[in-house]
Structures are given as C-alpha cells and as structure tokens.
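Inspection log for the structure reproduced underneath, given as structure tokens.
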Amino acid sequence: MREISELVPLPAGEFWMGGEQDDKFVTDVERPRHRVTISAGTSLGRFPVTEGELLGNGKRIPAVGICWEEAKEFAQWVGEQAGGRGRLATEAEWEWAARAGQTVARTPTAEEANFLYSEDGEKVGEGALSEVGRYSLNEFGYGDLFGNVLEWVEDCWRPSYEGAPKDGSAWVGSGTRKVVRGGAWDHLPRLLRASWRDGMLAEARQDNLGFRVAVDFRK
C-alpha cells in the first residue's frame with residue numbers, strides 16, 4: 001500500500017531567487033535574479049518520494065522513472081490523506097527550501113550529497129541511488145535537495161526569469177517541458193546548486209528523476 005510522505009512546514013519569508021553574480025557556473029536560464037515572497041501554509045516532503053511511499057515496498061531509495069503527471073497524481077493523493085491540497089512544489093518554493101535562508105548558496109561536498117564526480121574529474125560517489133536521510137538535514141529540516149535525484153516541480157519551463165511570479169506561485173502555461181531541480185547521483189557538483197534549473201518533457205522517465213510533494217493547508 002502507498003504511504004504518506006513525511007511533511008515539514010515551509011517557513012514564510014523573502015529571498016533573492018536566481019544565480020549569484022559571482023557564481024562562475026551560472027547561466028542565463030538562472031537570470032535575472034529577482035525577489036520572491038513565500039507565504040505560510042505549505043508543507044513539503046522532508047525527502048524525495050521513496051519507493052516505499054509510492055509502491056509500498058518498504059524501500060527508502062527515491063522513486064524514479066516517474067513522469068510529471070504521475071508525480072502530480074501521487075502528490076494530490078498525499079494531500080487528500082493529509083487533509084490539504086497536494087501538488088508538486090513550485091520552483092520558487094523548492095529554491096527557498098534549498099537555500100534554507102542562505103543568501104549565497106554553497107555547493108555541497110561529497111560528504112553532504114550523493115553525486116558522482118568532483119569538478120576535477122575524481123570519482124567521489126557510488127554511482128547509484130542512495131537511501132534518503134543518509135545526509136544531514138538543512139536548516140529548514142529538509143534532506144536530499146541536492147544530488148541523489150532530480151526533482152520535478154510544478155512550473156513550466158522557460159529559458160529565463162523575465163516576467164516570473166514574485167509571490168512564490170508556479171509559473172504555469174501550456175508548454176510540454178517542465179522544470180527539474182537539484183541535480184542527481186550521476187551529476188557534477190556544478191549542477192547541485194540552489195539556482196541550477198533545467199527543463200524536461202513532461203513524459204520523461206529517467207533513472208535519476210524523482211519528485212517531492214507539497215501540501216497546502218491554507219484555509
């Protein structure tokens with residue numbers, strides 16, 4: 001049977017979203033940097049959804065090979081069970097959770113996240129998924145935001161932040177590509193940055209692509 005994800009309230013606050021000026025790995029898709037406000041009333045999964053939660057097999061490795069629509073369906077189910085409205089995290093919520101109050105994002109080390117090679121080409125990871133909770137939680141109480149699996153979010157892909165919402169809501173549309181965040185077990189650390197983002201077709205299924213739920217409890 002399916003299991004409900006452990007949910008952690010997302011603190012309200014304001015932050016600068018997007019790539020920092022002095023980050024040499026920032027690209028134009030992470031610009032322009034803009035101020036975003038996150039409201040109270042939403043909780044995110046402490047970890048990416050696991051096989052145990054999605055499939056009921058008891059395993060604590062992230063569920064992968066899930067397309068965007070299937071991820072949304074499970075998130076909606078979690079919301080129903082929890083007494084709220086389930087969905088995927090918005091891109092802004094994800095970055096706020098990943099930064100955890102830090103203005104300047106720091107790339108995690110191999111002791112803090114699951115990724116395969118260092119920027120020098122040295123193999124530092126196992127080359128496979130790891131169980132969630134293996135690494136320390138951040139200041140907001142979330143784990144595995146960087147590395148292990150890419151995470152679907154609610155937003156449609158756009159190649160810049162020109163015109164992006166400033167209230168933390170999802171930037172929706174009719175596009176067939178959806179935003180992914182966080183980097184994965186087979187990535188370089190340059191992709192394990194709070195501002196890094198990419199777009200994938202909504203029907204994509206990959207062995208490094210998972211998701212994290214969000215539930216609104218606003219009345």
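The values are calculated or read from the model by the stated rules, or taken from the named source; none is laboratory data. Predicted model only: the values in this text are computed from it and were never measured. We place every Cβ from the backbone using ideal geometry, glycine too, and count neighbours over all the protein chains shown.
Scanning for something touching a residue at least 40 places away in the same chain (Cβ under 8 Å) and under 12 Å from residue 4 (Cα atoms), does the range 83-90 turn up at least one residue?
Scanning the range 83-90 turns up at least one residue that is touching a residue at least 40 places away in the same chain (Cβ under 8 Å) and under 12 Å from residue 4 (Cα atoms).
Name the residue, out of 171, 157, 196, that is hydrophobic (A, V, I, L, M, F, W, C) and within 27 Å of residue 60 (Cβ to Cβ).
Numbers: 171 fails: within 27 Å of residue 60 (Cβ to Cβ); 157 fails: within 27 Å of residue 60 (Cβ to Cβ).
The match here is 196.
Which pairs turn up if I take residues in the range 147-166 that are under 13 Å from residue 198 (Cα atoms) and look for partners that are outside any loop (DSSP other than H, G, I, E, B) and acidic (Asp, Glu) with beta carbon separation below 7 Å, at least 6 apart in sequence or on another chain?
That search, which allows pairs on different chains as well, returns 153/91; 155/91; 160/28.
Please find, among 44, 54, the residue that is within 16 Å of residue 182 (Cβ to Cβ), surrounded by 15 or more Cβ atoms within 10 Å (Cβ to Cβ), at pLDDT 95 or above and touching an Asp or Glu at 6+ places or on another chain (Cβ under 9 Å).
Selected residue: 44, the only one of 44, 54 that is within 16 Å of residue 182 (Cβ to Cβ), surrounded by 15 or more Cβ atoms within 10 Å (Cβ to Cβ), at pLDDT 95 or above and touching an Asp or Glu at 6+ places or on another chain (Cβ under 9 Å).
Answer yes if at least one residue in the range 64-85 is in contact with a Ser or Thr (Cβ under 7 Å, 6 or more places away or on another chain), among the charged types (D, E, K, R) and modelled with pLDDT of 95 or more, and no otherwise.
no
Has the range 98-106 got at least one residue that is touching a helix residue (DSSP H, G or I) at 6+ places or on another chain (Cβ under 9 Å), at pLDDT below 95 and surrounded by 14 or more Cβ atoms within 10 Å (Cβ to Cβ)?
Step one: list which residues in the range 98-106 are touching a helix residue (DSSP H, G or I) at 6+ places or on another chain (Cβ under 9 Å), which gives 105.
Imposing the further condition that a residue be at pLDDT below 95 reduces the set to 105.
Going one step further and asking which of them are surrounded by 14 or more Cβ atoms within 10 Å (Cβ to Cβ), we end up with 105.
The answer is yes; a qualifying residue exists.
When you look at residue 214, is it surrounded by 14 or more Cβ atoms within 10 Å (Cβ to Cβ) and farther than 25 Å from residue 82 by Cβ, yes or no? Before the answer, list the steps.
Working: surrounded by 14 or more Cβ atoms within 10 Å (Cβ to Cβ): yes; farther than 25 Å from residue 82 by Cβ: no.
The answer is no for residue 214.
What pairs can you find where one residue is in the range 122-142 and without any contact (Cβ under 8 Å) to a residue 60 or more places away in the chain, the other is not in a loop (DSSP other than H, G, I, E, B), and their Cβ atoms are less than 7 Å apart, with a gap of 6+ or different chains?
Every condition considered, the pairs that remain are 123/117; 124/117.
So if I check each of 93, 126, 139, which one is charged (D, E, K, R) and part of a helix (DSSP H, G or I)?
Result of the check over 93, 126, 139: 93.
Give me the residue from the range 23-32 that is of a type in the set (D, E, K, R) and surrounded by 16 or more Cβ atoms within 10 Å (Cβ to Cβ) and, out of that set, farthest from residue 86 (Cα to Cα).
Ranking the qualifying residues of the range 23-32, first place goes to 23.
List every residue pair whose Cβ atoms sit under 8 Å apart, with the two residues 6 or more apart in sequence or on different chains, where the first one lies in the range 1-29 and is among the basic types (Lys, Arg) and the second, anywhere, is assigned to a loop (DSSP other than H, G, I, E, B).
Close Cβ pairs satisfying both conditions: 2/56.
Here's a check for you: in the range 1-17, which residue that is within 12 Å of residue 45 (Cα to Cα) and not acidic (Asp, Glu) is surrounded by the fewest Cβ atoms within 10 Å (Cβ to Cβ)?
Filtering the range 1-17 for residues that are within 12 Å of residue 45 (Cα to Cα) and not acidic (Asp, Glu), the one surrounded by the fewest Cβ atoms within 10 Å (Cβ to Cβ) comes out as 9.
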